[in-house]
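> Okay, here's the structure, questions in a sec.
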Amino acid sequence: MNVFTYFSAIIQQALDSLSKAGTLPNGLDMAGVAVEPPRDANHGDIATNAALVLARQAKMKPRDIATALAKELVNTNNITKVDIAGPGFINLTISDEFWRDCVPNILSEGNNYGNSDMGGGAAVNVEYVSANPTGPMHVGHVRGAVFGDALSNLLIKAGYKVAKEYYINDAGSQIDVLARSAHLRYLEACGRDIGTIPEGLYPGDYLKDVGADLAVKYGEKFLDCDESEWLETVRSEATAAMMDLIRSDLKALGIEHDVFYSEKILHESSRIEDAIGVLKERGQVYQGVLEPPKGKRPDDWEPREQTLFRATDFGDDVDRALQKSNGDYTYFAADIAYHYDKYVRGFKKMVNVLGADHGGYVKRLKAGVTALSDDGELDVRLCQLVRLFRDGEPIKMSKRSGVFITLREAVDEVGKDVMRFIMLTRKNDAPLDFDYAKVQEQTKDNPVFYVQYAHARVNSVLRNRAPDAFNGIDVCDGALAKADFSQLKTPFEIAIIRRCAAWPRMVEAAAEAHEPHRIAFFLYDLASELHTLWNRGNDEPAERFVIDDDKALTIARLGLIRSVAIVIASGLNVLGVTPVEEMR
């Protein structure tokens with residue numbers, strides 16, 4: 001149950017009653033009425049702006065509406081206090097009994113707790129990673145990969161039907177470079193001396209295996225022949241080999257895409273022509289000459305007539321070229337055709353996860369989607385770079401010189417769970433520091449350890465401490481849900497129930513904002529409250545989870561901490577992190 005949805009319905013009923021009584025006019029638009037936590041937790045549990053939102057429509061003072069609404073709410077079940085603050089905000093305090101009743105609900109729903117139907121089954125395409133298939137993934141790809149995967153999981157939990165998609169950039173000149181590099185390794189595998197790798201080719205040892213496989217499969221067929229005879233075959237073989245490597249690397253990070261979409265196939269189909277045809281039908285294509293790019297001197301630039309898209313009609317800074325003067329399609333033409341293809345496949349909602357260096361693409365991509373459809377929505381999320389450290393010292397990398405840390409090396413060193421959680425401890429567009437030493441510390445300062453430890457502590461109590469105190473005690477969720485939760489009376493116990501009860505709303509809010517990092521923050525705060533409860537028990541035996549001479553209170557507290565573990569596990573599953581049973 002979403003607590004805020006529940007009380008939103010109660011507030012709506014109260015407003016309807018005021019309308020029926022003539023205190024408020026009928027037909028008021030309630031769309032702007034919000035029900036959410038107050039900014040200051042000391043002001044109560046629930047806050048609403050109803051009086052402020054409805055005042056202008058009702059032609060009444062906000063304070064007068066708030067006073068009337070407060071009178072309606074004050075005698076409502078589960079509401080113990082109603083306060084009017086400022087110009088007309090209403091703060092509600094909810095009864096401890098209501099919060100205690102949330103615990104068996106969490107225990108009954110288990111892993112499904114927090115699932116929402118907010119998305120209504122709407123199809124969403126989330127495209128992420130989409131690294132060029134020219135080599136193994138490096139650690140710089142990790143953040144966007146984790147963000148995209150966690151966002152997909154979050155949207156699924158919020159009730160959307162999500163397709164996780166990878167766009168294979170297998171049609172550009174870089175693929176020809178890959179093919180020539182692989183062919184060189186093929187020559188090497190056939191016993192030829194290739195000397196120093198020529199400038200402009202990929203020097204990585206990862207292509208040795210590709211060359212060896214080519215030698216086994218094709219023998220000496222491509223040894224002494226023109227490039228035109230082997231380029232297409234080697235390009236196809238090398239691209240397939242690189243995609244196998246990329247899939248393997250992503251799987252080590254816990255990522256598996258639903259769709260791999262080939263740019264090469266896009267070009268070979270009629271999709272680009274189809275997309276441009278739609279733009280032409282809508283009057284968004286014309287022949288013209290663009291202004292010279294900023295920073296170019298006049299003698300560096302030659303005005304040429306091109307086929308242009310009226311991108312400025314849809315918020316872009318300049319119109320964009322679709323075809324060059326020689327008739328070739330531009331990269332942008334392929335990009336909007338790809339997004340048109342998504343739309344044709346049934347995805348009105350699309351999310352692209354890109355690196356921060358792609359910031360210049362955002363307006364043009366959004367302009368293309370808007371122009372091609374009446375109801376298509378594209379959200380582009382940019383992920384800032386990750387700065388790598390080891391024991392506080394920065395790690396310098398250069399992809400150009402071939403000095404970089406691969407994704408697989410990073411995952412093998414710190415583990416999938418650490419890598420994924422840490423990548424979500426900052427908002428995607430904020431810089432993130434990753435210190436190999438710090439992320440493996442077992443301290444409160446290491447958020448992934450702190451959250452995992454909370455989950456493991458609960459399991460330790462249920463697995464060891466409780467059976468030691470009460471032989472044969474049943475600690476399954478069904479049995480714990482039948483506990484007498486009126487036994488839970490301390491402010492700290494009620495506070496942690498409130499936190500757990502906020503989980504369904506957190507899922508919806510994070511999904512709506514496309515911000516999975518909120519889940520990591522939420523889990524850290526929940527874990528902190530669990531550890532606080534644990535530490536209070538160390539100082540005061542009466543507050544321990546297991547009370548040796550009070551089975552009823554023990555079962556109630558076990559139900560409480562098990563509900564905490566359920567929420568933590570649910571959140572970790574969204575992040576793609578394994579909820580551990582015990583710390584090792």
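Each reported figure results from applying straightforward, stated rules to the coordinates on display, with no laboratory input. Only a predicted model underlies this, so the values are computations on that prediction, with no experimental measurement involved. Cβ sites come from the backbone with ideal geometry, for glycine too, and all protein chains shown count toward neighbours.
> Just to be sure I understand the model, the point goes 7 Å from the Cα along the line to the Cβ. What's the resulting residue 71 to residue 226 distance in nm?
Here the answer is 9.4 nm between the modelled labels.
> If packing is taken as the mean number of other Cβ atoms within 10 Å per residue, what is the order of 210-220, 522-532, 560-570, highest first?
In descending order of packing, they fall as 560-570, 522-532, 210-220.
> Set Lys and Arg Cβ to +1 and Asp and Glu Cβ to -1, take the dipole of the chain about its Cα centre, and tell me which of 288, 473, 425 lies farthest positive.
Selected residue: 473.
> Further question on the same structure: Would you compute, for the Cα atoms of region 3-94, the largest minus smallest coordinate along each principal axis and list the three values in descending order, in whole Å?
Answer, in whole Å and largest first: 32, 25, 21 Å.
> Divide the volume of the convex hull of the Cα atoms of region 455-543 by its number of residues and quote the answer in cubic angstrom per residue.
120 Å³
> Quick test of the membrane-span-like rule: which DSSP H helices of the chain reach at least 18 Å along their long axis (C-alpha atoms) with mean Kyte hydropathy at least 0.5?
For the chain, where a helix must reach 18 Å along its axis and average at least 0.5, the hits are 3-20, 142-157, 551-575.
> OK, next. If R0 is 35 Å, what FRET efficiency do you get for residue 536 and residue 438 from their C-beta distance, rounded to 0.05?
Given R0 = 35 Å and the Cβ-Cβ separation, E is 0.80.
> Also: Between region 456-480 and region 257-281, what is the separation of their alpha carbon centroids in Å?
Result: 57 Å between the Cα centres.
> I've got another one for you. Divide the volume of the convex hull of the Cα atoms of region 58-208 by its number of residues and quote the answer in cubic angstrom per residue.
257 Å³
> How many nm is it between the label spots at residue 302 and residue 34, if each spot is 7 Å from the Cα in line with the beta carbon?
5.6 nm
> How many angstrom lie between the C-alpha centres of region 184-222 and region 532-554?
Result: 67 Å between the Cα centres.
> Moving on to the next point. So if I place +1 on the C-beta of Lys and Arg and -1 on the C-beta of Asp and Glu, and nothing else carries charge, what would the dipole magnitude of region 3-94 be about its Cα centre? I want it in debye, nearest 20.
280 debye
> Right, here's the next one. What is the ratio of the Cα radius of gyration of the chain to 2.2 N^0.38 Å, where N is its residue count, to two decimals?
1.19
> On to the next question. Evaluate the charge dipole of the chain about its Cα centre and quote only its size in Debye, nearest 20, assuming +1 on the Cβ of each Lys and Arg and -1 on the Cβ of each Asp and Glu.
Taking the Cα centre of the chain as origin, the dipole is about 1420 debye.
> Got a sec? Charge dipole of the chain, +1 on Cβ for Lys and Arg, -1 for Asp and Glu; which of 560, 128, 150 is way out at the positive end?
Of 560, 128, 150, it is 560.
> What is the antiparallel percent of DSSP beta bridges lying wholly in the chain, to the nearest 5?
Of those bridges, close to 50 percent are antiparallel.
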